[in-house]
Structures are given as C-alpha cells and as structure tokens.
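FYI, it's all coordinate maths here, none of it is from the lab. The model shown is predicted, which means the values in this text are computed figures rather than measured ones. Here the Cβ is made from the backbone with ideal geometry for all residues, glycine too, and neighbour counts use every protein chain on show.
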Amino acid sequence: MRRWNGWGDDAIAYPLHASAVRFLEDRVGAAQPPADIAFGEVLASVPTSRFPSHGLISTDPADRLFHARGQSLPDWVALRSGRIGVFPDGVAYPADEAEVRELLRYAAAVGACLIPYGGGTSVVGHVNPLPGAAPVLTVDLGRLNRLLRFDETSGLATFGAGIRGPDLEVQLRSRGFTLGHFPQSFEYSTLGGWIATRSCGQQSLAYGRIERLFAGGRLETPVGALDLPPFPASAAGPDLRELVLGSEGRLGLLTSATVRATPIPEREEFRAIFFPNWQTGQAAAREIAQARVPLSMARLSTPAETEITLALAGREFLIATLEQLLALRGVRNDKCLLILGLSGRAALVRAARREALAIASVQGGVHVGEAFGQEWHKSRFRTPYLRNTLWELGYALDTVETAADWVAVPQLVRDLEAALAGALAGVDERVHVFTHLSHLYPHGSSVYTTCIFRVAPDPDETLGRWRKLKAAASQAILACGGTISHQHGVGADHRGYLSAEKGELGMAVLREFCRTLDPGQVMNPGKLI
Ligand SMILES: Cc1cc2nc3c(=O)[nH]c(=O)nc-3n(C[C@H](O)[C@H](O)[C@H](O)COP(=O)(O)OP(=O)(O)OC[C@H]3O[C@@H](n4cnc5c(N)ncnc54)[C@H](O)[C@@H]3O)c2cc1C
C-alpha cells in the first residue's frame with residue numbers, strides 16, 4: 001500500500017549500512033529519530049467538509065488526507081507532524097470527460113476551487129489546497145488511465161491523462177514500443193502530471209523531455225474543451241501545446257494526451273567512467289553533449305556526490321579495490337563518476353559508445369564497464385525510498401534543480417553548494433551538499449543539488465531550516481543566471497521567483513492566458529502565478 005506520509009510502497013524498505021550512518025554522523029552530526037504522528041490521530045483532525053453531498057465527490061476524511069499534500073519537504077514535515085493546515089473539502093475521481101465537465105460546472109456553481117491531481121508526486125507544493133473562503137475540490141484523474149488509441153504506423157498513443165508511468169509503459173511495451181519517459185517518480189507520477197509540470201525523464205537525451213513527447217490532447221477548461229491535434233510539426237502560428245505544458249492545473253484538466261512512442265531499443269546499456277576531478281568530468285560531459293553523441297542519459301557527479309554514492313553503496317571491500325585500481329590510473333580523492341546510458345539500434349549504440357569513451361579518455365576518464373551503470377539502472381526508482389530511511393533516522397533530504405548555459409554552470413554549482421552549505425550556520429547546523437549534472441544539452445546543462453540536514457525536534461524549526469535553505473538556493477540560482485526550475489516546476493514554492501525570469505510583460509501574458517480559460521479563477525489558485 002502507498003505510504004500516506006512518505007515515499008512509495010510501505011512494503012519496500014531501503015536499509016542503510018552502518019558505515020553509511022557513520023558517514024552521515026560525521027558530515028552533519030548524530031541525529032535523533034523524530035516523533036511522527038500516527039495516521040489515526042491525523043485522520044481525526046480532518047475538519048468537516050464544506051461540500052454538501054454530491055454523487056461524484058467523496059468527503060471521506062481518508063480521501064481528503066491522502067490528497068492534502070504532495071512530496072515536498074514542507075509536505076513531509078506537515079504529514080509527519082500532523083500540522084497539515086488545509087485539507088481539500090472533497091475529492092472526486094471522474095471516470096470520463098462528461099464527469100470532468102460536470103465537476104467543472106459544479107465547482108463554478110458553488111464557487112469552489114478545483115485542484116487537478118495526478119499522482120501527487122509534486123515536490124513544489126502544486127497540489128496543496130491553500131487557505132481561503134472557497135471550498136476546495138481535488139479532482140484525482142487516476143481513473144482516466146486507459147489506452148484510448150494506438151497508431152503503430154506513426155508511433156502515436158493516446159492515453160487517459162491519469163495513467164501512471166508503469167501502466168503506460170506496460171501498454172506500450174506489449175506493443176513493442178516505449179515512451180522512454182522515466183522521471184525518478186515514475187512509479188506514481190502520471191502522464192497528465194508530467195505534461196502539466198514540464199517533466200523531464202532520466203533518459204531525456206534520447207527520448208526528449210515531455211515537451212517533445214507530448215503530441216496533443218484534450219484540456220477541459222472552465223470555458224470549454226481545448227483540443228490539440230497531434231501534428232508531427234506545424235507552422236500554423238504559435239503552438240497551443242506550449243500553453244498546456246507547465247500549466248500546473250491553472251487552465252483546466254487534461255483528460256487525454258497523445259504521446260510520441262519509440263520502438264523498444266534493440267540494445268540498452270549503462271556504463272561508468274571515473275574522471276580525475278570535476279573540471280575534467282565537466283569538460284568531457286560538455287564535449288559529449290556538443291558532439292551530439294546519441295546517448296540516452298548522462299549523469300556526472302561532483303566529487304562529493306561520487307563519495308556519498310560510494311559510501312551509501314555499502315560494499316566496502318569492492319569499492320576499496322576499485323579505488324586502488326583507479327588510483328593506479330591517476331584517479332584519486334577528487335574523482336567524479338559519470339554514468340552514461342546508451343539505447344537504440346545495436347550498431348548505433350556501439351558507435352556512440354566508441355565516441356563517448358574516446359572523448360572521456362582525452363580528459364583522463366577511466367571506463368570501468370557496465371556493473372556500476374547497471375546498478376544505477378536497477379535501483380533508479382528505489383533511491384527515493386532512501387528519503388524514508390533518512391527521515392526515520394532524523395535526517396531530512398531535499399533537492400534543488402536548475403539549468404544554465406555551459407559558461408554559467410561551474411560558478412552556479414560552486415555558489416549554489418556554498419549557499420546551501422552555509423544556510424544553517426546561523427542555527428549552528430551543518431548541511432551536507434552534493435550535485436550532479438543530469439541532463440546535458442549542447443548549450444548547457446541541468447544542475448541537481450541534494451542537501452541533507454538534521455530534522456529538528458520541533459516541526460516548525462525543521463520547516464524554518466528548509467525555508468532558509470530554499471531561499472539561499474533560489475537566490476544563488478537566479479544570481480548565477482539559472483532557471484528557477486529545470487524539471488520540478490513552479491507550484492507554490494518557486495512562485496515568488498518566477499517573475500525574475502519571465503519579466504513583467506511575460507507575467508502579464510501568463511495571467512491573461514489563465515483569465516481567458518479560467519475567468520472565475522477557480523483552477524488551482526495560488527500556484528504558478
Ligand atoms: C521522488 C521523486 C522524484 C522525482 N523525480 C522527478 C524527475 O526525475 N523528473 C521530473 O520531471 N520530476 C520529478 N519529480 C517531480 C514530480 O514527480 C513531477 O513534477 C511529476 O511530473 C508530477 O506528476 P504527478 O502526476 O504526480 O502530478 P501531481 O503532483 O499530482 O500534480 C502536479 C501538477 O500538475 C497538475 N496536474 C496533474 N495532472 C493534471 C491533469 N491531468 N490536468 C491538468 N493538470 C494536472 C496538478 O494540478 C499540479 O499542479 C519527482 C518527485 C519525487 C517525489
């Protein structure tokens with residue numbers, strides 16, 4: 001069963017090796033397990049719904065609790081402490097477009113706000129109801145989860161927008177295709193959520209971000225349906241899909257989406273290369289991206305991330321042996337791990353591998369084969385479960401992400417890490433910070449930084465620590481010319497920073513879009529803009 005106050009299936013554990021716990025104690029200090037509130041106690045605190053009885057709306061406290069928060073750190077603090085604040089007044093699970101339209105009509109008639117809900121995996125407060133006089137209706141699109149059409153000749157598949165990652169892949173793979181969209185939240189996130197947040201999957205180098213995969217679909221808005229035909233390309237004026245991508249539930253509910261599928265690759269492999277230091281690793285990553293070597297993924301870790309990756313792996317003997325071998329090749333304490341993914345026709349994979357390894361070797365990269373890469377691939381959806389384990393030990397883990405051009409990347413990584421590492425100095429707490437570049441583009445890269453700090457005995461204090469970290473990171477990102485989000489979106493947590501990159505006129509255009517499709521301002525208020 002899905003956890004109500006953490007990540008994932010409650011039957012899946014991610015135990016930490018004793019050496020990994022010692023590593024954390026050394027970097028951030030010994031921690032105390034927080035006293036989490038029990039499910040029954042939170043359930044009893046759900047207030048009476050403001051909705052009268054309606055055939056499509058559940059006012060059951062458990063439904064409302066399950067849809068009250070997403071997966072951001074403030075969401076975790078709220079769920080684990082029971083200080084949730086606002087709950088939706090009701091949750092609806094429409095089975096078809098007619099029911100979606102009825103819910104939109106009903107919300108308008110009773111003056112309710114409406115929050116589209118996919119898998120609830122948002123990490124920036126997208127799905128949280130905010131305080132206000134209007135009752136809140138959360139619309140969970142999980143029942144719109146069928147394959148509606150499949151055009152094998154064109155590779156186009158139309159799904160209900162509430163379909164989750166694994167179900168979508170099962171449908172496509174049984175027909176010899178894949179979407180190739182694998183965000184780390186794949187297990188629970190949905191097609192509609194990916195589109196509404198402009199999501200980016202781990203193998204976006206080959207398959208593209210969701211912008212490239214989303215061919216068209218239907219958006220039910222408060223003023224009618226917007227149909228987006230799936231042309232392969234079009235010069236017929238501005239592309240209205242761009243309106244829907246990243247709309248974060250502000251414009252309407254995406255009920256179906258057509259996506260561009262790819263035949264299952266003939267060969268797929270993941271390989272690891274260690275570089276002597278961050279500079280050589282970055283140079284190789286940039287050159288590989290600029291040479292447009294056809295990889296499916298690339299992830300370059302800083303020395304600090306490489307160190308923690310090896311420490312958490314828990315295989316002390318094997319890693320010590322690897323480190324001795326690397327040292328013989330000049331790769332020592334500052335080493336950086338690059339994981340490469342290659343997917344496609346076997347001949348293309350061979351050529352891409354040759355090209356990437358040749359570039360890497362010029363920068364002193366030592367190729368160590370497939371074992372590390374395959375291990376990364378095997379555990380890529382398991383890693384988020386580590387967050388549960390860490391929390392239960394008394395450590396909070398959060399991530400920030402951005403993207404910038406190659407000139408800006410080195411300084412951005414330095415300043416972002418320094419801002420996070422020093423953000424809790426005033427309260428005498430240490431923060432362990434590490435980074436990777438995970439989505440490489442010819443003209444720049446995403447920057448993904450993780451920080452680990454101690455959970456405070458008082459939940460408000462933990463929230464205070466998170467606020468300091470978020471502000472420090474966001475300011476550093478903007479000061480270095482990064483975007484406020486490369487993949488997680490804006491939601492509530494980044495809203496205050498959006499105008500810095502869109503500008504006044506840009507914000508006015510966005511507001512006007514929203515007003516046109518949602519004149520009553522009922523759709524997910526307080527998010528994005
Ligand atoms: C452990 C973890 C790992 C993650 N890894 C990644 C990653 O690798 N890449 C990445 O891009 N993101 C990642 N995320 C963030 C998150 O998973 C994405 O933002 C995802 O796209 C959200 O999808 P969802 O279905 O859960 O949407 P939700 O969280 O339910 O909703 C997100 C927003 O989309 C809107 N929305 C959802 N469905 C619809 C719809 N049908 N119509 C209109 N609006 C809708 C909601 O109103 C809300 O504003 C991660 C999150 C977690 C917790």
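Annotations for the structure displayed:
- Charged side chains reduced to their Cβ positions (Lys and Arg at +1, Asp and Glu at -1) give segment 112-246 a dipole of some 140 debye around its Cα centre.
- The charge dipole of segment 289-411, taken about the Cα centre with unit charges on the Cβ atoms of Lys, Arg (+1) and Asp, Glu (-1), comes to about 620 debye, rounded to the nearest 20.
- For the chain, the dipole from Cβ point charges (+1 on Lys and Arg, -1 on Asp and Glu) about the Cα centre works out to 800 debye, to the nearest 20.
- Prolate/oblate/rounded call for segment 41-121, Cα gyration tensor, a/c under 1.5 rounded: prolate
- The residue among PRO230, TYR395, TYR14 whose Cα reaches farthest toward the positive pole of the charge dipole of the chain, with charges on the beta-carbon of Lys, Arg, Asp and Glu, is PRO230.
- Cα gyration tensor category, rounded, prolate or oblate, for segment 162-318 with a/c compared to 1.5: prolate
- Ranked for footprinting exposure by Cβ neighbours inside 10 Å, fewest first, ARG149, ARG380, ARG467 give ARG149, ARG467, ARG380.
- Reachable lysines from LYS527, criterion Cα separation under 21 angstrom, eight or more residues apart if same chain: LYS468, LYS470, LYS502
- The smallest convex shape that holds all Cα atoms of the chain, its convex hull, gives 149 Å³ per residue.
- For the chain, calculated [θ]222 nm from helices alone, where every DSSP H run of n ≥ 4 adds -39500 (n - 2.57): -11500 deg cm²/dmol
- Residue exposure sequence - ILE484, ILE12 - by fewest surrounding Cβ within 10 Å: ILE12, ILE484
- Sorting LYS468, LYS502, LYS527 from the fewest to the most surrounding beta carbons within 10 angstrom yields LYS502, LYS468, LYS527.
- Multiplying the residue separation of ALA500 and VAL427 by 0.36 nm and subtracting their alpha-carbon distance yields 23.4 nm.
- Taking a ≥ b ≥ c as the square roots of the eigenvalues of the Cα gyration tensor, an a/c ratio of 1.5 or more together with a/b no larger than b/c marks segment 62-167 as oblate.
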